[in-house]
Amino acid sequence: MRKSTDFIVVHCSATPAKMDIGAKEIDRWHRAKGWFRIGYHFVIRRDGSVEYGRELNTVGAHAVGFNERSVGVCLVGGLAEDGKTSNNNYTPAQWLTLDKLVSELESQFPQAKVVGHRDLLSTQCPAFNVKEWQARRKGLQKNSTEKPTKPYKPLVY
């Protein structure tokens with residue numbers, strides 16, 4: 001069981017946009033590395049749907065040195081078609097879901113800092129600057145008058 005949650009870490013699956021995978025495939029990849037199971041707590045698919053990985057209160061396996069005090073969120077994508085270059089290729093649905101999921105996690109863990117994997121370790125993951133995204137969304141949320149179009153269903157439970 002995780003004792004504290006100091007970070008909400010945003011990751012990418014490092015897959016090209018055409019590769020629509022989810023938690024099941026990532027779980028298989030992580031087990032092939034000898035891990036207990038999928039390292040992330042949440043996976044956001046290309047269509048914006050959320051799939052669940054590790055239980056929220058358990059220690060993840062997604063950011064070495066930070067797993068004991070973080071929640072891991074993985075966006076599917078983040079790799080160019082060449083299979084080598086990082087690429088911010090996320091769908092509008094993924095951005096909306098990421099915003100909603102992070103908001104819920106921030107409510108649950110108000111002391112947690114939202115960061116990208118690359119802010120903690122030497123990597124290109126998640127293929128965008130999470131600090132800049134976080135600053136933009138915080139600025140937008142303060143003045144937002146947008147109303148949800150669908151009935152609200154929490155992503156975190």
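When the chain is treated as a GNM with alpha-carbon contacts under 10 Å, the residue of His11, His62, His30 showing the greatest mean-square fluctuation is His30. Dipole check for the stretch 1-72: with +1 at the C-beta of Lys and Arg, -1 at the C-beta of Asp and Glu, and the Cα centre as origin, the magnitude is about 180 Debye.
Overall, the chain carries a charge dipole of about 180 debye about its Cα centre when +1 sits on the Cβ of Lys and Arg and -1 on the Cβ of Asp and Glu, all other atoms neutral. Each of Trp29, Ile44, Val10 was scored by the projection of its Cα onto the charge dipole of the stretch 1-50, and the greatest displacement toward the positive side belongs to Trp29; charges sit on the C-beta of Lys, Arg, Asp and Glu.
Length available on full extension from Asn88 to Asp20: 0.36 nm per residue minus the Cα-Cα distance, which gives 23.0 nm. For the stretch 3-153, carbon and sulfur atoms together expose 54% of the accessible surface, with a 1.4 angstrom probe and every protein chain in place.
Using θ = phi - 60° in the Karplus curve 6.51 cos²θ - 1.76 cosθ + 1.60, the 3J(HN,Hα) couplings for the stretch 40-54 round to 8, 8, 9, 10, 9, 6, 4, 7, x, 6, 9, 10, 9, x, 5 Hz; x is entered for Gly and Pro.
Which whole-number percent of Cα pairs in the stretch 47-119 have a distance greater than 21 Å?
On the way: 843 of 2628 pairs.
Pairs farther apart than 21 Å: 32 percent.
Counting only protein heavy atoms and a 1.4 Å probe, the chain has 55 square angstrom of accessible area per residue.
Could you give the size of the charge dipole of the stretch 62-109 about its Cα centre, using +1 on the Cβ of each K and R and -1 on the Cβ of each D and E, expressed in debye and rounded to the nearest 20? Don't jump to the answer; show the numbers that get you there.
Numbers: 3 positive and 6 negative charges, 12 e Å.
Rounded to the nearest 20 debye, it is 60 debye.
Using a cutoff of 8 angstrom between alpha carbon atoms and counting only pairs six or more residues apart, the relative contact order for the chain works out to 28 percent.
Across Pro126, Pro110, Pro16, mean-square fluctuation computed from a Gaussian network of the chain (C-alpha pairs under 10 Å connected) peaks at Pro110. With θ taken as phi - 60° and the Karplus curve 6.51 cos²θ - 1.76 cosθ + 1.60 applied, the whole-hertz 3J(HN,Hα) list for the stretch 22-27 is x, 4, 4, 5, 5, 4 Hz, x standing for glycine and proline.
May I ask what percent, to the nearest 5, of DSSP beta bridges between residues of the chain are antiparallel?
Details: 4 of 19 bridges.
Percent antiparallel among DSSP bridges in the chain is about 20.
In order along the stretch 74-79, the phi-based Karplus estimate (6.51 cos²θ - 1.76 cosθ + 1.60, θ = phi - 60°) of 3J(HN,Hα) comes to 10, 8, 6, x, x, 10 Hz; Gly and Pro are listed as x.
The values are calculated or read from the model by the stated rules, or taken from the named source; none is laboratory data. Computed from a predicted structure; not experimentally measured. Note that each Cβ is placed from the backbone with ideal geometry, even for glycine, and that neighbours are counted across all protein chains shown. Side chains are part of the model used for accessible areas, which takes the heavy atoms of the whole protein and leaves out ligands, DNA and RNA. Shrake-Rupley method; radii C 1.70, N 1.55, O 1.52, S 1.80 Å.
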